[in-house]
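The values are calculated or read from the model by the stated rules, or taken from the named source; none is laboratory data. Nothing here was measured: the structure is a model prediction, and the numbers come from that model. Here the Cβ is made from the backbone with ideal geometry for all residues, glycine too, and neighbour counts use every protein chain on show. Please note that ligands, DNA and RNA were not included when accessible areas were found on the heavy atoms of the full protein model with its side chains. Shrake-Rupley method; radii C 1.70, N 1.55, O 1.52, S 1.80 Å.
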Amino acid sequence: MFWIDEIIKEIINRINKDSFIITDWTTPSGHAHIGALRGVIVHNCICQGLIDKNKQATFQYGFDDFDPMDGRPVYIDKSWDKYMGMSLSKVPAPDGKAESFASQFAQEFEGVFKGLGISPIIVKTSELYKTGKFNQTIEIVLDNAQEIRKIYREISGSQKGEDWFPLQVVCPRCGKIGTTKVTDWNGKEVRFQCEENLVEWAKGCGYEGSTSPFDGNAKLPWKVEWACKWYVFGTDIEGEGKDHSAAGGSRDIANNIYRKVFNKVPPYDVPYEHFLVGGKKMASSKGLGVTSKDMSDLLSGNILRFLFIRTRAKRAIEFQPGGETIPLLYDEYDRISELYQKDPKDDLARSFYYAVDIEKESPQYHLRFSKIAFMLQMPRIDILQYAEKEKASEAKSAEAEVQRSKLTAVEVAGIKERIKIAKDWLEKFAPEKYKFTVQEKLPTAAKKLSPNQKKFIARILEVIETGEERSGEDLHQKIHKIRKDLVIDPREAFSAIYLVFIGKDSGPQAGWFLASLERDFVVKRLREIV
C-alpha cells in the first residue's frame, strides 16, 4: 500500500469521525527553503486522501507572523538589526512594498504552493491574537503556569523559575516582544519587564509595568502556543519536521500540555524527515539550500509535487539540482506516469495520482527531458514536430491508435513547459556532458579515431551522400543498422560521431543530431575523416 494511503487508513481506524481539520504552520522569517514545502504537500495529500474516502476534510495553513524577529537572514541589510525582538508583523518589508516583513515572505511562499495547486485556508497569528482567538487559551495557560513549568522540567529537563510564566508581552515603550518576561498574573493583568539582556539577539529597554494579556497585547511561547492552536481550531491532524518530533522535543511538550492542561487527545502526528541539499539541512534565515521560489521557477508543479510524494515522509530527501538529478527525476516521473496508465491502483502509480490533478490532466505521452535539452542545442529541430512523430511511432498500427497519436493540448503545454525548464537547467545546473557546440573546424580529438570508427563514419557518409531526404528517426535507425553490420561496440561507434562534430565522446540522439545539421556541412566534415 502506498505510504499516504497507509496514513489515511490508520487515521480513519484511529479517529472515529466524518470531518477532519488538518493544520500546519510556519514562521515567515525569510525566503522559505524548498524543505518547507514538505509539510504543505504531505498535509494536502492527507486532506485529498480523506476526501477520496468520502470524509469531509479541511486543510488550514498558518503563518506565525506574530513571532519576534530573532535572526536576520544573511540576504537582509544590517539596518534591520534595530528591529530584532519585534513581531515580524510589525517589522518593515525589505522590498518596501509589502505590508510587513512577514507579509513579504508569507506572500512569496503562499504563491509557491498555490502555484502547485494547493489552496488551504490561510490564517495569521497576528490577526488571531488581535481578534481575541487566543484569549481563552491565554487565561488557561496562565492559570496553569505551575503545571506547564513541571511539564517543561519532566519532558525536556528545562528548569523554569517560579517567577516564569508562559507568556511574553508586547512592550508598550519599545514595541519588542522577544525581550519581555512575565513574572506575575492576578487573573486580569500580568506583571512584566522588558529586560535588556533576556536574549542574545535583541536588547530590551528596561520598561516595567502591568497590562492585560489579551487582544494582541501578548504572545504565548511557541511550544505552548502549539497546543493552544490545536485547542482553538480543534485540530485532528498535524505533523512536523524531524527536529521537532524527537523525544523530549517540542512536539512532546505540546502533546503533554494538550493532555494535562487542556484535557484533550493530541492530533494525529505525521513526523517527516528533512529535505537535504548536498547533505545539509536547509535554513531560510542562513541562506542554506535552494528556496521554494527558486525551485518552483525551475520545476513544473507536477514534478515538484512528485519529488516530495515519491518518498515516504519518514525518509530524508536528498536533492542536488546540479548533475543529472533533474533529468533523472523527469525520467522517473514519466515511467510512473506510464505505470499509472496501465494500473492506476499500483502502489508506485499512486505517487503519480497524488502528484497530478487527474481530473484536469489525464495520463499522457511525455517527451524525455534529456532529449529536449539536447534538441535545444541543435539547429533546425522543431521539438513539437519531433514529439508528434515520436508519439506516432509508439502507437500501434490500428487506425484508432494512429488518431490518438496526435499531441493533445495538455501534451503540447507540457512539452512547452519542459522546453522552458530545460533552457533554465542548461544555463544554471547542467553538467558539461549535456552541453555541446557544433565545432566550425574538425576537433583535434576526431583525428585519433580508430580504424573501426573510420569505417563506421565512411558507411554513414555513403548513406548521407545519396541525397535521399531522411527524417531524424530514419537516419538514426540506419546508423544503428550500420553499427550492427560492422559489429562495433555501441559506445565506440557513437562516440565517433560526437567527436567529429562536437569534440566530445557523448551527445544527443545521433540520427536526429545529424539530420538537424546542414547536409553539405555534414558531408564535408565526414569526408575529412574518410
For the chain, shape from the Cα gyration tensor axes a ≥ b ≥ c, cut at a/c of 1.5 then a/b versus b/c, turns out prolate
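Pull out a ≥ b ≥ c, the square roots of the eigenvalues of the alpha-carbon gyration tensor of the stretch 53-153, then state rounded if a/c is under 1.5, prolate if not and a/b is larger than b/c, and oblate in the remaining case. Intermediate results must be reported in sequence, preceding the final value.
Working: a/c = 2.20, a/b = 1.12, b/c = 1.98.
Cα axes put the stretch 53-153 in the oblate bin.
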Phi angles of the stretch 435-450, converted by Karplus (6.51 cos²θ - 1.76 cosθ + 1.60, θ = phi - 60°) into ³J(HN,Hα) in whole Hz with x for Gly and Pro, give 9, 7, 9, 5, 7, 5, 10, 4, x, 4, 4, 6, 7, 10, 5, 6
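How would the stretch 403-494 be classified by its alpha-carbon gyration tensor: rounded, prolate or oblate, with rounded meaning a/c under 1.5 and the a/b versus b/c comparison settling the rest? All intermediate terms of the calculation are to be shown ahead of the outcome.
On the way: a/c = 2.50, a/b = 1.44, b/c = 1.74.
Here the stretch 403-494 falls in the oblate category.
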Could you tell me the calculated FRET efficiency between Lys97 and Tyr75, based on Cβ-Cβ distance and R0 = 25 angstrom, to the nearest 0.05? 0.95
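Quick one: with all protein chains in place, what share of the accessible area of the chain is carbon or sulfur, to the nearest percent (1.4 Å probe)?
Details: 11530 of 25240 Å².
Roughly 46 percent of what the probe reaches on the chain is carbon or sulfur.
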Cα centroid distance between the stretch 191-206 and the stretch 328-346, in Å? 56
Taking amide H atoms as placed 1.01 Å from N in the peptide plane, list the residues 5 or more away in sequence, or in a different chain, whose amide H sits under 5 Å from that of Gly241. Tyr272
What FRET efficiency, computed as 1/(1 + (r/R0)^6) with R0 = 25 Å and r the Cβ-Cβ distance, is obtained for Lys481 and Phe521, rounded to the nearest 0.05? 0.60
Rounded to one decimal in nm, the spacing of the 7 Å Cα→Cβ label points at Lys454 and Asp505 is 2.0
Can you give me the angle between helix 145-156 and the longest principal axis of the chain, using Cα atoms only, in degrees from 0 to 90, rounded to the nearest 10? 40
Within the chain, percent of DSSP bridges classed antiparallel, to nearest 5: 45
The chain - Cys residues lacking any other Cys C-beta under 4.7 Å: Cys45, Cys47, Cys228
Rounded to the nearest 10 degrees, the helix 451-465 long axis (Cα) sits at an angle to the longest Cα principal axis of the chain of 80
What does the accessible area per residue of the chain come to in Å², with a 1.4 Å probe and no ligands, DNA or RNA counted? 48
Computed label-point distance, nm, for sites Ile140 and Asp357 using a 7 Å Cα→Cβ extension: 3.8
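Could you order Thr311, Thr180 by accessible surface area, starting with the largest, using a probe radius of 1.4 Å? List each step's numbers first, then the result.
On the way: Thr311 30, Thr180 0 Å².
Greatest to least solvent exposure: Thr311, Thr180.
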